[in-house]
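Beneath this line is the structure, given in structure tokens, with notes to follow.
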Amino acid sequence: MGPPPVVTGISPKEGPPGTRVTIRGEFLGTTATDLIGLKICGCECLLSAEWKSRNKIVARSGPCKGRGDIIVTTKSGGEGTSTVQFRGYHESIGPVKESAVWVEEAAPPSLPWGRRPMSPTAYTPPDPLGLSTEGEDSKFPEEELNELFPDGSGKLSDENFQPGWYLLEHHSNTSFEDLKAGMVFLQRKVEGQKEGQLSFLKANTGAVMDQLDRLVLLKNMYEDDQRKNGKEPLPSLQSAIEESITLADSLFSEILTRKENADKTREALSLLTRHKFLFQLPASIDKNIRKKEYDLVVNDYARVKNLFGNTDVKLFQKILAEIDRKIEDLKENLHNRMKTMPINVQEQTKYIRLLISLNWEGDAAWVAITTRKDYLMALMSKVKEHFKQKEEQESNEKGRRRKESEEGPWSAVRSAWCEAACGALASELHALWPLARRYFAGELAGEPGDPQRHTALKEMIIAAVEVFSDQMRSCLLSSGPSAGSAVAADVLRTRLLANLRSLRDAYDSLLKLDLPSQPLSIVEKVVFDYRVFGMTVFLQRAHKRVKALSETDSWKIKEFSDYGAITELPHLLESYLTDALSSIYKCVLSSGRRESALLVDGGEPLVVLRTHTQQILLAYVAVLQEIALQHDDQDFNSSSLSVALDQPLEESRGAQQKLLVAAADALYTRRVTLNNIAEKFTSFDFPSPTAALQATRDALSNLEASIAETYLEHKGDPLVGTIEPSMYMGRHTIHPDAIVDDARPYVYEIINNLIAVHAEVDSICGSSCSRYVRDISETVCEEVARLWSGARPVGRAAVFRARLETTLLRLACRDHLTRKAETYLAETLASIPTLETEEEKKRMERIIGDFKKRMELQLASLNCNIESV
């Protein structure tokens, strides 16, 4: 706040209304707009004020009377003070005085002979008391004098002169001592006049006598004339005078006519000169309107209303009526300009102030606010219709219909629509809201707006924001997240970021306006929902890509890991999920200014993320299951055991190998890929999907069990089915005394079949192949135990052979025997009688030793790469 204005000098110091006053002082305003108030003797004179500098202002005085201060008010310094005063007065109208009011001049009464009377000379007699009346500013009220002296007068020349009236009127403030001195002066003056008359007569006695003689002579002459001409000489004299007048008029009539015309012309010119401002104002208004200098029009109109607003002169009233018509037209023009959109706030504010200055009927500021609101609603509708038509035109072009339907909310048209709608909302609210705030603060109308309209304004803002919200949801969220699956990933991310940037720019612009919380929450909800929508799009895109793995040529061996031959599927699953998480992290995870966090505990977006993650992972399990378990039984007859990198399995191996590869992928996914995915969630600051990962592990474990069961069903059952025919084929019966030196062929057939199974599983599953060999070994042991339990050996040779074959089978499968298999064999050996002689025991040991040497390579290949799964 700067120093207050101080007025230290004025010129002139007095004058009638309309006097041009030059005001000087200090701190009279920094600029013309800083000057907001000017009062001269209490009358507002701001309209006529011209700010010249910080020390000078020129203005015209108002209809003030008496002395008063000059008060200057500025924005920077507030209300000021004055060290000088201006005296305003109202001039009396005389015959030679210019006047701002038309005076009807009545024709003066003419004497019979045509001469005009002369106005008496104003004469003010001196004060009889010899006292000065200067400085007597406070006069005694004339009304009270009339009440005190109803029939008296204060004029010395009047017959009803009252000394008391005179003293009260001229000497009401004179001291008693001065009055006594004036009385002494008056007495001396009277005595002097008496002495002067007597001495005058004494000194001029001869002259007086001579005058008396002449008076007697005049009397005698008058009596003689009366006797000659009668007692009434005036009619003849009047007749003579009238004849002279008629003769003079006839001689000078033309000259007098021209003189009267000249007088009228001079009076008209004088009138035009005195009131030139009024007569030229209609043309000046038209000129200023054409030049769009509306402030000058307002100032001139206020001035003419101040000077001639109450005139009774018909000519002036006619001109004022014409001016009023022009002002009404100007009001209508300003009103239309104020409502014509688009228009910037500065221009609209200017029109509002002009309408208020012209006393326009209605609330100009509120009309401007509602007009802007209507324009915003119409603009939003226009933006929507424009881009809808553009989208229809492009979709009707050849070859574009299918493309547009696939892109949906990710088309370039939708992005342009979003940007245009956001820009329209931000720009118009940046004009509407400050205008409304100035209106309710009283900066436009001079007084605060109707408080009841606060609710109406809030409803306007909410309605506009809701229309914007509905349009953005129709533009960006109407087609569902699945629409983004047909769009290229880079295009999807680019469009999503562009749309989100437009929405956030609009939201930030509304935050800067300090709008109420309700409309802000509506826009923030749109931004938040679009972020959730973008996250869902990326997840559903990954989901669709995972489901499509069963239709691609990704079923190829890419590498040999500790878990066997692995295809591209686990890596593709990890890649698709990583791409989705990366896109979510880069595009929608971060929150803007005053936006809610996307992934919070208990929030719906976190539930969506975990649900879609689980759906993606289970879809991957379904792909493995579809590839592994959908086959014909005859496909298991393939005997190819070759493994080639980057070669589709359909070309090189049968369903049994395909089944094992699926099992290897499931195991690798369960032990490696899911852990990598959990690490990816952590690296992107996402909450770990513990439930989804556990559900996927359970599903993969179930899938592995199903694969093992299927493999055992299709591979183990045929193998077990050959044991009984081979056991009873050829030499089933034996002589009791025969010497058994080796096992029958079925034992070697079982071992060779197990070696074949082990080789096939090991070529694909690696160290995890033991699970499948153990299952088949257990089935074999169960079948052997069943056969021996049904056919008990009789005789020493049969007993020896049974114990030998069971022992060799147990030796060959020692590393693949489960507890159940061990139990089967132990029970079988327990049911067979023991060897009785040392010779049989030694022979048994020798045969077993020979068996180990002879079958060393086979036993080594069968019992390698054992891992507990």
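Compute, for V773, the solvent-accessible surface of its heavy atoms (probe 1.4 Å) with the complete set of protein chains present, and express it in square angstrom to the nearest 10. Result for V773: roughly 0 Å² accessible. What FRET efficiency comes out for D508 versus E242 if R0 is 60 angstrom and r is the Cβ-Cβ distance? Round to the nearest 0.05. That pair, D508 with E242, gives E of 0.05. Model label sites at E782 and A830, defined 7 Å from Cα along the beta-carbon direction, differ in position by 1.9 nm. Spin-label model, K558 to N333: label points 7 Å out along the Cα-to-beta-carbon direction sit 7.8 nm apart. Computed 3J(HN,Hα) for the stretch 667-672, one whole-Hz value per residue from the Karplus formula 6.51 cos²θ - 1.76 cosθ + 1.60 where θ = phi - 60°, is 5, 5, 4, 5, 8, 10, glycine and proline marked x.
If R0 equals 35 Å, the separation of the Cβ atoms of V672 and Q518 corresponds to a calculated FRET efficiency of about 0.10. When both bridge partners sit in the chain, DSSP labels roughly 85% of those beta bridges antiparallel. Taking all C-alpha pairs of the stretch 519-599, those more than 21 Å from each other amount to 47 percent.
Multiplying the residue separation of C43 and A738 by 0.36 nm and subtracting their alpha-carbon distance yields 235.3 nm. Rounded to the nearest 0.05, the FRET efficiency derived from the C-beta distance between V794 and E713 at R0 = 30 Å is 0.25. Take S11: with every protein chain present and a 1.4 Å probe, its accessible area is about 70 Å².
Ligands, DNA and RNA are left out, and with a 1.4 angstrom probe the accessible area of the stretch 164-308 is 77 Å² per residue.
Fully extending the segment from K852 to V600, taken as 0.36 nm per residue of separation minus the present Cα-Cα distance, adds 84.1 nm.
For the chain, the Cα-based Rg and Dmax, in that order, read 62.5, 225 Å. The fraction of accessible area contributed by carbon and sulfur in the chain is 51 percent, rounded to a whole number (1.4 Å probe; ligands and nucleic acids excluded).
Could you work out the relative contact order of the stretch 272-403, using alpha carbon pairs under 8 angstrom and six or more residues apart, expressed as a whole percent?
On the way: 57 pairs, mean separation 24.7, N = 132.
Here the relative contact order equals 19 percent.
Sorted into 5 angstrom bins from 0, the C-alpha pair distances of the stretch 296-418 split as 2, 9, 14, 12, 10, 8, 8, 7, 6, 6, 5, 4, 3, 3, 2, 1, 0 percent. Short-range pairs are left out: with C-alpha atoms under 8 Å and at least six residues apart, the relative contact order of the chain is 6 percent. Across every direction, the projection of the convex hull enclosing the Cα atoms of the stretch 1-96 has a mean area of 5.7 nm². Placing a label point 7 Å from the Cα of Q452 along the Cα-to-Cβ line, the residues of the stretch 357-386 whose backbone N sits under 18 Å from it are 362-367, 370. Pairs over the 18 Å Cα-Cα cut-off, from the set K291/K331; K155/K180; K39/K292; K339/K384; K388/K525; K13/K75: K155/K180; K39/K292; K339/K384; K388/K525; K13/K75.
Surface exposure of the stretch 467-593, expressed per residue as accessible area with a 1.4 Å probe, stands at 38 Å². Based on protein heavy atoms only, the stretch 786-869 ends up with 54 Å² per residue of surface accessible to a 1.4 Å probe.
Straightening the chain between D263 and K314 buys 16.2 nm, computed as 0.36 nm per residue apart minus the Cα-Cα spacing. Extending 7 Å from the Cα toward the beta-carbon at both K326 and S591 defines two label points whose distance is 6.4 nm.
The values are calculated or read from the model by the stated rules, or taken from the named source; none is laboratory data. Every value quoted in this text rests on a predicted model; they were computed, and no experiment measured them. Counting neighbours? That spans all protein chains shown, and the Cβs are built from the backbone with ideal geometry, glycine included. When the accessible area is computed, the model is the full protein with side chains, heavy atoms only, and any ligands, DNA or RNA have been set aside. Shrake-Rupley method; radii C 1.70, N 1.55, O 1.52, S 1.80 Å.
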